[in-house]
Amino acid sequence: MVDTSFANESIRCTVTDCKFHNCDKNFCSLGTITVGTHESDPKECQCVDCESFKAKNEVLA
Ligand code: SF4
């Protein structure tokens, strides 16, 4: 079980299905995240992703 009690107020997030989401405050509980893109030539917001996302039921290595 991941401790998500920390709310990093520099990282607002609404992805409640993420293992690292602080659902009480709608912030990320990680200290840092990685943002990337799955596109070769990103042009809009939908082209970028939080690469630190882990599904709630995903087992961490
Ligand atoms: S890791 Fe990314 S998707 Fe998950 S809570 Fe943090 S910012 Fe949101």
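Worth a mention:
- Cα gyration tensor shape of the chain, rounded if a/c is under 1.5, else prolate or oblate by comparing a/b with b/c: prolate
- Gain upon complete extension [GLU9, VAL48; 0.36 nm per residue less C-alpha separation]: 12.0 nm
- Remark: the chain carries 78 Å² of accessible area per residue (probe radius 1.4 Å; ligands, DNA and RNA excluded).
- Bridging of LYS19 to lysines at a Cα separation below 18 Å is possible for LYS54, LYS56, once same-chain residues fewer than 8 apart are set aside.
- Carbon/sulfur fraction of accessible area - the chain, other protein chains in place, 1.4 Å, %: 50 percent
- A protection proxy built from the mean count of other Cβ atoms within 10 Å ranks the segments 45-58, 27-40, most packed first, as 27-40, 45-58.
- Under 5 Å from the amide H of ASP49 lie the amide H atoms of GLY36, THR37, HIS38, each residue being 5 or more positions distant or on a separate chain, with H modelled from the backbone and absent for Pro and chain starts.
The values are calculated or read from the model by the stated rules, or taken from the named source; none is laboratory data. For clarity, every value in this text was computed on a predicted model and none was experimentally measured. Neighbour counts run over all protein chains shown; Cβ positions are idealised from the backbone, glycine included. The area values use the complete protein model at the heavy-atom level, side chains included, leaving out ligands, DNA and RNA. Shrake-Rupley method; radii C 1.70, N 1.55, O 1.52, S 1.80 Å.
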